[in-house]
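What follows is a single structure, written as structure tokens, with notes after it.
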Amino acid sequence: MKKLFFLALIIAFVFISVIVILSNKVYILENKFFQLNKEIIFYKTLQASKDFLYAIMNDYKKQKSNIIKAHKYVLNHLNEDFYKLKSKFGDNYNIYLTNKNFVITKTTFKYDKNFSLAFAKDYFLSHKGIKVSKPICEMATTDFISFSDSYQDGRVLQIGYIFDSDKIKAFKEQIKLLKNKNPIIKSIYLYFVYPNINFASKCNFLEPLHRKYNSIEMSINQKTAFKLFEELKQQNPIFKENSMYILSSNPFEDGYMIFKIDLDSNIYKKEMINLKYILSFVIVFLIIIGVFLFIYFKKTIDVIENFAKHIEEEKIYEYDGEFKKVVDSYNKTLKKLHSSIQSKKEFLEFVMHELKTPLAILSLNVENEISSVAIKKLNMAYEDMTYFLEFDKTKKYIKKVNLKEFIEYRVFYFDDILRSEKKIVYLGLEECCIEINENDLERLIDNNISNAIKYSTTNFIKISLKECVLRFENDGEIKDKEKIFEKFHREDNIKGGFGIGLSIISSIISSYKIGFKLITDKNIIFEYDLKSIICK
């Protein structure tokens with residue numbers, strides 16, 4: 001009886017332990033994969049939107065004069081049939097005319113018949129002549145449209161021009177392809193935000209409404225858009241209730257585009273839960289058999305213990321015994337999960353590799369200081385991302401470095417950037433020899449200088465080196481000291497960058513056991529004690 005009781009205790013203990021470990025590891029793998037998918041979606045969306053915004057802005061500049069010309073023609077023929085007038089300009093145009101209550105009573109666009117423009121009354125009355133808006137996404141059709149408007153005799157005339165260039169069509173296809181290739185994406189919405197005129201609009205980018213929408217919907221969408229805009233200026237992207245919000249780059253000067261991407265985290269969760277139950281059943285079955293045969297088959301117990309250890313460590317288990325099929329099933333599943341994660345990493349590495357040659361060509365064909373500044377900034381971002389992706393792969397070659405000369409060389413590299421940003425670097429450097437990988441040192445110094453340029457509120461930047469203690473000092477403030485070394489965290493998203501510079505610095509100082517202090521009493525000071533790597 002005592003032996004049976006002891007065996008029962010062992011069974012219960014091992015059963016609970018394996019279930020807990022397996023549940024935890026499946027959950028971690030699921031979250032890793034889901035998080036990596038979100039990062040890929042973020043960078044793909046950002047790149048696609050950047051190309052699109054430049055394309056549509058160029059179209060806007062080309063068509064603006066034609067829109068005004070069409071508007072003037074319609075003003076002189078208001079009593080004619082609007083559909084005949086539209087045929088003179090083409091299918092890209094729509095005509096809208098309001099009554100004196102700002103309600104559209106005559107139009108070639110059926111969804112806007114009887115729609116009230118009273119919400120924009122102050123805007124219509126605030127300017128004279130013909131005004132042409134920047135492009136927005138129209139909710140009913142998801143077309144990208146600019147509107148001209150004029151106020152005359154108490155009525156508003158609008159001409160809507162639909163942009164339909166090949167680049168705009170390609171952008172739509174890119175976003176559709178992104179959704180189709182990522183099952184975690186449920187839907188995609190666009191917000192166009194124009195803070196200067198206090199206007200915003202929203203549309204379901206992939207599914208047109210095909211119906212009228214009212215001023216209440218517009219009001220709600222405007223409030224939501226401006227609230228998101230303020231939040232995204234502080235952190236980009238942001239996540240709320242399984243939705244990802246991305247603020248695009250801004251070629252409009254006074255306008256922005258926000259993506260709302262609804263995500264379905266349950267896509268992987270369901271598969272992982274099924275996998276957990278299948279593996280749990282198989283492992284528990286093996287454990288029960290193994291425990292009952294413990295006295296006779298000690299080797300079986302060792303196999304199960306080793307198997308559980310490999311599950312905990314997420315490692316492939318090499319085994320060629322009685323339970324080979326079960327172990328092979330586990331190995332196959334684990335390899336699939338690792339392969340999925342690895343494929344996302346390889347995609348980023350491929351993109352960075354493809355950028356290398358074009359960057360080199362651009363660097364050799366600099367025409368002026370403005371081009372030089374832009375290329376250097378782009379090159380530094382490329383170097384940071386490459387370093388970030390290859391940190392654990394690259395073999396480090398340590399050499400003796402004259403730190404004073406190295407800092408002077410890097411400051412000289414930033415010379416045209418400093419002039420363009422109207423910053424001045426004050427150097428106070430003593431001699432210091434350290435043993436370090438030059439690429440690591442370059443990333444540490446460049447990212448500190450780059451951050452000082454971005455966040456200094458005046459032209460003051462000071463770099464000092466005394467007794468092998470390196471300090472970078474500038475004025476300004478740090479909003480969140482706890483998060484500054486986190487990956488993808490940025491103090492100000494409008495200033496650009498990927499948010500990985502300080503994360504790279506953190507990895508370097510940890511690798512070399514460099515002492516670090518962040519001082520914010522008056523100015524911001526990043527201090528690095530390099531005594532641990534002084535030349536021997």
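The values are calculated or read from the model by the stated rules, or taken from the named source; none is laboratory data. The model shown is predicted, which means the values in this text are computed figures rather than measured ones. In this analysis, Cβ positions are derived from the backbone assuming ideal geometry, glycine residues included, and neighbour counts consider all displayed protein chains. Areas reflect the complete protein model, heavy atoms only, side chains present, ligands, DNA and RNA absent. Shrake-Rupley method; radii C 1.70, N 1.55, O 1.52, S 1.80 Å.
Candidates in the range 80-129 are the residues that are more than 39 Å from the chain's Cα centre (by Cα) and of a type in the set (S, T, N, Q); of these, the one that is surrounded by the fewest Cβ atoms within 10 Å (Cβ to Cβ) is ASN114. Put simply, of LYS260, LYS212, LYS276 the only residue that is surrounded by 15 or more Cβ atoms within 10 Å (Cβ to Cβ) and either modelled with pLDDT under 75 or over 26 Å from LYS50 (Cα atoms) (or both) is LYS276. Where strands (runs of 3 or more DSSP E) sit wholly within the range 392-484, those with at least 1 residues that are at pLDDT 90 or above and open to solvent by 80 Å² or more (accessible area, probe 1.4 Å) occupy 399-402, 424-429, 460-466. Condition check for ILE162 on (1) open to solvent by less than 20 Å² (accessible area, probe 1.4 Å); (2) aliphatic (A, V, I, L, M); (3) modelled with pLDDT of 80 or more: one failure, at (1). Just one of the listed residues (LYS172, LYS176) is open to solvent by 50 Å² or more (accessible area, probe 1.4 Å) and either assigned to a helix (DSSP H, G or I) or out of contact with any Cys (no Cβ under 9 Å at 6 or more places or on another chain) (or both), namely LYS176. Count of the range 146-169 residues, restricted to those that are part of a loop (DSSP other than H, G, I, E, B) and on the phi < 0 side of the Ramachandran plot, is 2.
Among the residues of the range 52-83, how many are over 15 Å from LEU157 (Cβ atoms), free of Cβ contacts under 8 Å to residues at least 40 places away in the same chain and in contact with a helix residue (DSSP H, G or I) (Cβ under 9 Å, 6 or more places away or on another chain)? Matching residues across the range 52-83 total 1.
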